[in-house]
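One structure is given here, and the rest of the page talks about it.
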Amino acid sequence: MTTSREALGQSEAFLDFQERLSRVAPIDRPVLLLGERGTGKELAATRLHFLSRRWQGPFVTLNCSSLAPSLVETELFGHEKGAFTGADKRRTGRFEAAHNGTLFLDEIGAIPMEAQEKILRVVEYGSFERVGSSVPIEVDVRIISATNANLSRQCETGRFKPDLLDRLSFEVLFLPPLRQRSGDILLLANHFAQRMAHELRIEHLPAFSTQAARALETHPWNGNVRELKNVVERAVYRSHDRTIKEIVFNPFVSPYGELPGPVEPDRHPREPEKDFPDFTTMPLKSAVATLEIRLVRRALSLARHNQRRAANILGLSYDQFRGIVRKHGEKLR
């Protein structure tokens, strides 16, 4: 079993990934990490660095998707004083800061083409120029990159340079999603639960009930380990005894029903209703039915056919509104 912060597991898929990572770590070549969100790509990059011969050098990270395209080049390569408006002093970029160490480029698929050209030059020749300078700066940097995007498809559509992808993918490691890591879910859940209990200064170690454990093991975990961590920490915080019984996967589900939200105009409104008939000339049941149908149609139109919103417009509960809809059926169409 391997442990490194949240890099914890004993499944075959997890151990196979860690074995492949350990084999390539000492090889001083670029590595590309591919995996869904929440699978631990930054943890894997950190482990690659500290298992490499560069472990005493700097480990510098950059989330490429968090920057505007116009700022990526400056962040990576730095700039000279006066290079552009607001550049009142020289700034060192991430490549220069990572000299003799590792540069981790997360979400590399978001890097604009202009910056890709300069990265390719660094990979091939080990040098670059700061923005606003023509003086080459030599660096010795190992690049580890990561993404959940399909870079091969981006190459086909002209959004990523094929030559750069070739240079960055000496080895490609696919991080296994949590749903493929049989046996790791409860191991990780207990780890997160114990750590959360320690943070909250809960003396007893929380345990999951049989039903809660089954719910954890059968959940699809589209957010992977990150989602599991959030769910477990929330469960520990809400638990009032030694056994965790309640698991809330989606904290946005309101106990009071769907929030009405702003009512938007119907893009395809019905034809305006004609003037109401003279109900005084109609039998009572017919008058009531006619009025209900017209009011329900109008409320549905205003609510863009969201029945909960329509019920709110009429001041009815959702169940009351559904009862009227079922009663009149085809007549509402």
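Condition first: in contact with a Lys or Arg (Cβ under 9 Å, 6 or more places away or on another chain) and buried (at least 17 other Cβ atoms within 10 Å of the Cβ). Now tell me which residues in region 19-32 satisfy that.
L21, A25, P30, V31
Hey, does region 58-68 have a residue that's part of a strand (DSSP E or B) and in contact with a His (Cβ under 7 Å, 6 or more places away or on another chain)? Full working, then the answer.
We begin by selecting, within region 58-68, every residue part of a strand (DSSP E or B); these are 59-63.
Then keep just the ones that are in contact with a His (Cβ under 7 Å, 6 or more places away or on another chain); that gives 59.
There is at least one residue in region 58-68 that is part of a strand (DSSP E or B) and in contact with a His (Cβ under 7 Å, 6 or more places away or on another chain).
Just checking, how many residues over region 111-130 are in contact with a strand residue (DSSP E or B) (Cβ under 8 Å, 6 or more places away or on another chain), surrounded by fewer than 18 Cβ atoms within 10 Å (Cβ to Cβ) and of a type outside the set (K, R)?
So the count comes out to 4.
Across region 170-205, which residue is surrounded by the fewest Cβ atoms within 10 Å (Cβ to Cβ) among those that are of a type in the set (D, E) and touching a residue at least 60 places away in the same chain (Cβ under 8 Å)?
Within region 170-205, the first condition is being of a type in the set (D, E), and the residues that meet it are 171, 184, 199, 203.
Of the ones still in play, those that are also touching a residue at least 60 places away in the same chain (Cβ under 8 Å) are 171, 184.
Details: E171: 16, D184: 23.
Only one residue fits best here, namely E171.
Among the strands (runs of 3 or more DSSP E) contained in region 95-138, which hold 1 or more residues that are more than 25 Å from F84 (Cα to Cα), in the same structural domain as S169 (by TED's automatic domain parsing) and touching a His at 6+ places or on another chain (Cβ under 9 Å)?
Once the strands (runs of 3 or more DSSP E) in region 95-138 are filtered for at least 1 residues that are more than 25 Å from F84 (Cα to Cα), in the same structural domain as S169 (by TED's automatic domain parsing) and touching a His at 6+ places or on another chain (Cβ under 9 Å), what remains is 101-106.
Kindly check whether there is at least one residue in region 33-48 that is outside any helix (DSSP H, G or I), free of Cβ contacts under 8 Å to residues at least 24 places away in the same chain and surrounded by fewer than 17 Cβ atoms within 10 Å (Cβ to Cβ). Give the derivation first.
Going residue by residue through region 33-48, those that are outside any helix (DSSP H, G or I) are 33-40.
Now drop any that are not free of Cβ contacts under 8 Å to residues at least 24 places away in the same chain, which leaves none.
No, there is no match, as no residue in region 33-48 is outside any helix (DSSP H, G or I), free of Cβ contacts under 8 Å to residues at least 24 places away in the same chain and surrounded by fewer than 17 Cβ atoms within 10 Å (Cβ to Cβ).
The values are calculated or read from the model by the stated rules, or taken from the named source; none is laboratory data. Small disclaimer: the values here were computed from a predicted structure and weren't measured. Because the Cβ atoms are built from the backbone with ideal geometry, glycine has one as well, and the counts that use them run over all protein chains shown.
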